[in-house]
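Novice: Input: one structure, supplied below.
What follows draws every value from the coordinates through simple rules; no lab data is involved. Keep in mind that what you see is a predicted model, and the values were worked out from it rather than measured. When we count neighbours, we look across all protein chains shown, and the Cβ atoms used for this are built from the backbone with ideal geometry, even at glycine.
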Amino acid sequence: MKLGPFIHSGFTTKKLMFITTLAMIPMIAASIWENGFDAIILFITSISSVFLMEFICKRRVVFEYNALVTGVLLALLLPANAPWWISVFGAIIAVGLGKYLYGGFGQNIFNPAVLSRVLLTVLFPAIFIMPKWTLDGVSGATLLSKEIGTTMPFFSSLFLSSSPGSLSQAMPLAVLLGGLILLIYKLIDWRVPLFYLATISLLSLLLPGSDKILGHATYLLGNPLLHIVAGGSLLTSFFLLTDPVSSPISSNGRVVFSIIAGVFTMIIRYYTPFPDGAAFGVLLANALVPLIDNYMLKLKVSSP
Amino acid sequence: MRPIDAIFIILIFSSYLKNSKQKYIISILPILLFTVSLISSYIPVSIESFVLPIIAIIACVICIELAPLSLLLLFTEYNHLWEAIMIPVLWFIIMLLIKNLNTRINDEYIPSYIRGFPIRIISLGILYYVFYPLFFI
């Protein structure tokens, strides 16, 4: 945090959200490529529901890129085989509870899309946690699901395609590409993805396994690359934790924020039946932002 | 009742109370109860049935305002030491989080019908879901 006067960077909120939307295009394309019509339905219902909720809450028609970003992120956090009405529920939670009740865009404490994903996970666990076997054998479970099997997947397939789970996991390479766009335009702080992914990697090597993992997917132990690529780690590090509204102001604060999110993510992955703790980690980190900001401010004032 | 439910019910009720020192005294009840359950085999049967009511009476006398909460904590099942320790630890963490979140919540922008206490309860409800997976450890 620096004292004024400030020089305008040239980035308005509208421009920032527009570039974020552009950065999400590779992920949208990859998820449609992998999941076909199911993904298209989820994107359409999520985006239209978010805009409808914005209209209901504001009582006027407005096209804002932040609503588009929320809608796309909401769809990317849903499993490919999720029913369309889940995205409508998600939009009600994201806009109604996450944004509007806290005073609208810029005032929200929690990331709206993540909040809706967490509440939906708890309310409809069968869609998000349990492997939902269908007649053609397609599973809705992520590779981090403890019950998915004992055979480790190939990393090449993880990076490029065929990664089950939410829509964002269709092709991790597309998430990386989107993240790279955000980094090139300096829209996000590089420390956030770096420290979040480093914490996950380190903890995946250090943490002892629990009976939640041992006996099921043993390949999840001591496997940092898998924990980075599978699950929501990449999307979280580049798109969710970097939300300027719900992240700390100072750069040191953002480092602490990323580490806390990483620790919580790994605790949930290793010791609870929940397959992926990334969304829970983001929400906890969001809740800690005022505390981190206050502490960092005190530290700055007390340092000579 | 699960410990996590107990914590959040206590937090909702205790947010009405101003005397924070009493809250801290009550929060050690789970650990006390778990200790009692560990040594229950050494306690004579004739005395054992009186232990819980005695603890309840002492807790209620120490803090009469929190008497219903003390009873709630006494009737919550603590299967592991982890759960008994988790209650006070999580209680303090959530109290700290709520205190700091309140500084961030800007009442000026919040719809008038949920300003003040309702929005704080909503924040508490969201925190419930954040910590929810920890009780499956």
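Novice: If you rank A:Val282, A:Val175, A:Val289, B:Val51 by fewest surrounding Cβ atoms within 10 Å, what's the result? Present the calculation step by step, with values, prior to reporting the outcome.
Specialist: Values: A:Val282 32, A:Val175 27, A:Val289 22, B:Val51 15.
Exposure proxy ranking, most exposed first: B:Val51, A:Val289, A:Val175, A:Val282.
Novice: Across peptide B:98-111, what mean number of C-beta atoms from other chains lies inside 10 Å of a residue's C-beta? Before the final figure, lay out the partial values.
Specialist: On the way: counts 1, 2, 9, 8, 1, 4, 10, 5, 5, 1, 2, 5, 6, 6.
What the average comes to for B:98-111 is 5.
Novice: Provide, for the stretch A:13-302, the number of lysine pairs with alpha carbons under 25 Å apart, each pair being eight or more places apart or on different chains.
Specialist: 11
Novice: Can you give the mean number of other chain Cβ atoms that lie within 10 Å of the Cβ atoms in peptide A:95-106? Could the numbers behind the result be given before it?
Specialist: Details: counts 0, 0, 3, 1, 0, 3, 8, 10, 9, 3, 0, 2.
That average works out to 3.
Novice: Applying a 10 Å radius around every beta-carbon, put A:261-268, A:50-57, A:229-236 in order of their mean neighbour count, most first. Walk me through the intermediate numbers first.
Specialist: Working: A:261-268: 24.6, A:50-57: 19.2, A:229-236: 27.2.
Ranking the peptides A:261-268, A:50-57, A:229-236 by packing returns A:229-236, A:261-268, A:50-57.
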